[in-house]
Amino acid sequence: MHNIIMPSGGSESAVVFGAHGGYFIPSMEEYPKIKILPDELSNQIAAGEVVERPASVVKELVENAMDAGATALEIEVSLQKRRIRVRDDGVGVAPDEVSLALSRHGTSKIKDLDGIFGISTYGFRGEALPSIASVSRLTLSSYRAGEKAGRRIVVEGGKTIRTEDSPPLKGTEVLVENLFYNTPARRKFIRSEITEMGHITSRVVQSALSAPGTRFTYTKDGKRVMELAPAKNLLERVRQIFGTEYSDNLMEVSYSEFNIKVSGLVGKPHFHRATAIDQYFFVNRRPVRDMLIRSAVSRAFDDLVPRGRRPVVFLGVEIPFSAVDVNAHPAKMEVRLADPSKVSDAIVKGIRGAFGKTASTSDSGHWSGARQNPSDFQSGLAQGADTGGQGAENRPFQPYPVGGGPSVESGGFARAFELWRPLKSDQPEGAEKQISLSNAHGRLAESSVAIGQIFRTFILFEDGDRLVMMDQHTVHERVLFERFMKRHVESSVETQGLLTPETITVSHSLAGVIKGHIPTFSSLGWVAEEFGENTFVVRQIPAVLSGKDFQSAFLEVAETIGANRDADYKDVLGDCVSRIACRAAVKAGDELTLHEIKGLARELSAANLPYTCPHGRPIAMSLTKDELKKYFSR
């Protein structure tokens with residue numbers, strides 16, 4: 001209910017009172033008129049979109065420098081002095097164009113409407129410099145080769161203070177002081193110095209990763225914290241910034257499909273973080289925040305990392321400039337793709353393909369002889385194991401070290417980040433000796449010897465100078481998962497009819513899921529029919545579940561589908577099959593013969609991704625002979 005108090009004259013203002021107080025309604029004469037905003041105010045509004053915080057200034061200035069062809073950049077930041085300086089050795093700005101560079105929409109990067117739809121540079125709108133200058137004191141000095149002298153311009157709050165000649169030093173230098181001095185409302189939203197410096201460092205790292213061949217020098221409060229020489233490639237740049245513990249645990253991705261190229265580095269399955277902080281994405285070298293790319297990466301790692309963990313990724317996508325809209329975000333951090341599904345699929349294929357290549361590239365030996373006959377597994381250990389595909393003799397194995405994040409001993413720029421892994425302390429004299437276990441690949445050399453089983457849970461092998469320990473359940477899960485997925489793609493899932501049909505009663509909500517996905521269950525090997533309101537009769541099951549708890553597997557698949565109703569089925573399929581493989585696989589506590597252990601290892605050696613189980617748990621660990629000798633002081 002509102003009470004309206006109107007004056008006697010109809011043209012005058014009114015006051016409306018409601019439950020939360022009153023508000024004013026102006027008269028027709030009092031409504032403001034439409035007018036053009038002055039340039040100073042327009043620039044400050046634009047600055048609100050482009051310059052969110054000091055890190056935005058660093059980003060824009062660095063991108064301008066790289067667009068100018070810079071091979072070396074110096075970045076100096078002092079938030080205490082409210083001072084940011086970026087210097088480059090690029091082509092520079094002609095003396096008669098320096099003032100234009102500080103004018104709104106003054107740009108050399110596009111000339112007409114067609115240019116907007118084929119942008120190949122970092123910047124293009126000509127808004128960054130005037131926007132920054134409108135909320136700070138900005139000094140730009142630039143020299144272009146062939147000119148008699150350089151040119152300097154000083155702008156404060158959007159107004160030109162002076163222009164003058166400057167020394168003929170190659171390139172451009174931009175000095176920004178007193179940021180947001182004339183917009184106190186914006187200044188109060190700036191966070192602590194530590195937080196803002198973290199954002200600035202992140203921007204510098206992104207830029208350095210996008211241009212490995214460029215020299216970067218980064219100074220904070222007078223202290224040089226990063227000095228990166230030109231790198232030969234992305235891997236070398238990652239090593240410079242994050243240290244060897246990162247670079248040693250990354251795999252190269254290189255994949256092309258039509259006019260899409262996916263390249264970069266991804267972490268090995270054991271190398272992951274609690275958050276997505278170490279996921280860097282680039283589209284045509286431009287650092288971006290893109291949910292499509294992030295989602296595709298998650299799909300690619302779906303069964304390779306544990307739930308709740310995030311892989312380490314440095315990934316670039318190259319597509320025709322006309323196929324990407326970089327004008328979708330004020331700060332150009334988000335882009336629109338003309339064909340997002342093709343890009344997403346290419347990313348998944350590229351990453352999954354990289355793991356396949358790594359699994360087939362090594363200097364170590366291989367399993368010899370023909371693949372084991374499936375009849376060797378009739379005990380139920382590897383029932384129905386796939387005997388097709390590439391043999392182990394063509395899939396050698398190479399181990400890699402364990403790691404969860406760079407330690408401070410790694411060098412590089414790791415000290416500048418608060419990494420989740422705790423610092424390693426020096427071991428005091430007399431302290432208990434530690435044995436270092438390393439993640440191991442699931443493929444063994446042909447000379448490997450099966451030792452046996454311990455705790456009825458783990459299987460052991462002597463592989464050259466290493467002792468390899470495998471979790472028998474995760475090994476079998478991976479074998480069954482890949483076999484089932486292959487058969488599903490070929491529409492040839494093996495099934496087993498039940499002599500006595502089984503009835504399963506479920507909740508009302510789960511019954512709705514099953515009724516709506518009977519064809520899905522059929523494609524997975526089940527034949528189920530309604531048998532009452534919330535009851536189903538199961539007449540056929542996947543053969544891999546013969547003699548297993550197929551009822552629980554049936555319910556878990558239904559729950560998985562129900563929890564992902566809005567998702568594409570192909571994105572849920574892996575989860576469904578992993579549930580089946582988990583129920584079908586040998587369990588902890590199951591006793592295995594030496595013959596079964598050898599056969600299980602042979603099956604794993606032919607897997608495409610013998611790193612982890614479908615849920616992301618590691619398959620194997622290893623201990624070297626030298627580590628054992630050291631422990632026993634031999």
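List of remarks:
- When peptides 163-176, 231-244 are sorted by average Cβ neighbour count within 10 Å, with the highest value leading, the order is 231-244, 163-176.
- Stokes-Einstein D for the range 233-291, Kirkwood Rh over Cα pairs, 20 °C, 1.002 mPa s (µm²/s): 168 µm²/s
- For the range 237-297, a crude dipole built from +1 on the beta carbon of Lys and Arg and -1 on the beta carbon of Asp and Glu, taken about the Cα centre, is about 220 debye to the nearest 20.
- Between the range 599-617 and the range 145-214, the alpha-carbon center distance in angstrom: 52 Å
- Tensor-based shape of the range 524-618 (alpha-carbon gyration tensor, a/c under 1.5 rounded, otherwise prolate or oblate): oblate
- Residue-level accessible surface for PHE314, protein heavy atoms, 1.4 Å, Å²: 0 Å²
- Cα-based Rg and Dmax for the range 170-272, where Dmax is the largest Cα-Cα distance (Å): 18.0, 51
- A Förster radius of 35 Å, combined with the Cβ-Cβ distance separating LYS515 from ILE451, puts the computed FRET efficiency at roughly 0.10.
- Accessible area per residue for the range 155-286, computed on protein heavy atoms with a 1.4 Å probe, is 46 Å².
- Rounded if a/c under 1.5, otherwise prolate or oblate - the range 151-219, Cα gyration tensor axes: oblate
- With 10 Å bins beginning at zero, the pair-distance distribution over Cα atoms of the range 471-554 amounts to 17, 47, 29, 7, 0 %.
- Summarising the label geometry, the points placed 7 Å from Cα in the beta-carbon direction at ARG309 and GLU334 lie 3.1 nm from one another.
- Shape category assigned to the range 543-594 from the gyration tensor of Cα positions, a/c cut at 1.5: prolate
The values are calculated or read from the model by the stated rules, or taken from the named source; none is laboratory data. Nothing here was measured: the structure is a model prediction, and the numbers come from that model. Reconstructed Cβ throughout: ideal geometry from the backbone, glycine too, with neighbour counts over all protein chains shown. Accessible surface is based on the protein model in full, side chains and every heavy atom, while ligands, DNA and RNA are left aside. Shrake-Rupley method; radii C 1.70, N 1.55, O 1.52, S 1.80 Å.
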